[in-house]
Amino acid sequence: MKVAIVHEWFDTYAGSERVIEQMLAIWPEADLFALVDFLPEGERGFLGGRRVRTSFIQRLPLARRHFRKFLGLMPLAVEQFDLAGYDLVVSSSHAVAKGVLTGPGQLHVSYVHSPMRYAWDLQGQYLRQAGLERGPLSWYTRWQLHQLRHWDRSSAVGVDSLIANSRYIAERIRKVWGRESTVIHPPVDVDRFALSDAAREHYLIAARMVPYKRIDLVAAAFAGMPGRRLVICGDGPEMANVQAAVAGAPNITLRGRVSQAELLALVQTARGFVFAAEEDFGIGMVEALAAGTPVIAYGRGGAVDIVAPGTGLLFAEQSADGISRAIEAFEAAPPPDPAACRTQAMNFSAEVFRHKLRGHVEALLGRPCASA
């Protein structure tokens, strides 16, 4: 059986690349396709020396630094991959990878991290952040996104089986594509976050500092709770706003970017991991649970799949007051058992991911498929 694995682009080793890593563990002989491959040499180990077959965007001027600006060309580019000789095509898609062309006799399974958020319900936020709310360039971008929505919906028809990375994404797929999907949660390196019997004193938030993570709300909540200690880790464009939010709050420590070893120590000694974003999934929450740390999270998005009874608390109001009330309710309740948190995290291990994805594809094929 000839297998092709299709990814959007390689420029860093992050969450979606970990999915590709596990797909390659299931199908080690697969050929690998991506629109561009600018992955640094030090981050290529998970590819095992494989060559990535790229599109014409790889060779366009300034593509190395600005390939995302060629978004309008990406549907055309992904359709140029010649996959006619493959029995199984597996795409990992958050933009256009699911749009590869396949024919009768080929099985195309797409693992969907999300439909194109900036082309659908987050268009307004995308235009604001890009400074494109008004003017001729704004209208050109709006027209381009309009065209992308048509292509995005029509290309979903060509996928034989859609897999969503959470129930939240399954609902988005149903909303924008009118398709049903199977939920298989993404793989998390739970072994890296071991249980610890260290004293737990602070609350922790660790995330990239971008607006939708709502770190500002967490900071405002703890600024009003001087008896609760909060540690914030991360970096990003919202750093200045977060710094302003924590100014004058001696119970809040802003650590910025930290090493993996420092992050592990902070997670293992946290009373709770606070997560205020509406996220597609939320790998950081699973990592916290793997270390035995309960999660206090906004009760929408992937958190609903991750935080089980006895492993933390979900709050309904995405506000500083809502977070404050959640922390006080968490403190008033019996502390969750770290072992129960760890057990819940194991449901999201790489081994579980491989087992579920391989089983799903084998059921569609009606026969076993190769695996490592």
* To do: At least 2 residues that are under 30 Å from Asp121 (Cα atoms) and not hydrophobic (A, V, I, L, M, F, W, C) in each: list the helices (runs of 4 or more DSSP H) lying fully within region 217-310 that qualify.
  => 239-246, 283-290
* Asked: Within the set of pairs 6+ apart or on separate chains, which have a first residue in region 43-59 that is in the same structural domain as Trp27 (by TED's automatic domain parsing) and farther than 21 Å from Met74 by Cβ, a second that is among the β-branched types (Val, Ile, Thr) and in a helix (DSSP H, G or I), and C-beta atoms under 9 Å apart?
  -> Phe46/Ile20; Leu47/Ile20
* Ser161: surrounded by 12 or more Cβ atoms within 10 Å (Cβ to Cβ) and touching a helix residue (DSSP H, G or I) at 6+ places or on another chain (Cβ under 7 Å), yes or no? -> yes
* Structure fact -> Subset of region 60-80, residues aromatic (Phe, Trp, Tyr) and either more than 18 Å from Phe38 (Cα to Cα) or touching an Asp or Glu at 6+ places or on another chain (Cβ under 9 Å) (or both), comes to Phe67
* Structure fact -> Subset of region 348-369, residues surrounded by fewer than 16 Cβ atoms within 10 Å (Cβ to Cβ) and either farther than 21 Å from Ser161 by Cβ or among the polar types (S, T, N, Q) (or both), comes to Glu351
* Select from region 245-296 the residues that are of a type in the set (Val, Ile, Thr) and either more than 22 Å from the chain's Cα centre (by Cα) or not assigned by TED's automatic domain parsing to the domain that holds Arg208 (or both) and list them in ascending order. => Val246, Ile252, Thr253, Thr269
* Among the numbered conditions (1) among the aromatic types (Phe, Trp, Tyr); (2) closer than 19 Å to Leu107 by Cα; (3) without any contact (Cβ under 8 Å) to a residue 24 or more places away in the chain, tell me where Phe33 comes up short. => (3)
* **Single match in Gly135, Gly124, Gly103 (criterion: without any contact (Cβ under 8 Å) to a residue 24 or more places away in the chain, out of contact with any strand residue (DSSP E or B) (no Cβ under 8 Å at 6 or more places or on another chain) and within 22 Å of Val157 (Cα to Cα))** => Gly103
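The values are calculated or read from the model by the stated rules, or taken from the named source; none is laboratory data. This is a predicted model, so every value here is computed, not measured. Counting neighbours? That spans all protein chains shown, and the Cβs are built from the backbone with ideal geometry, glycine included.
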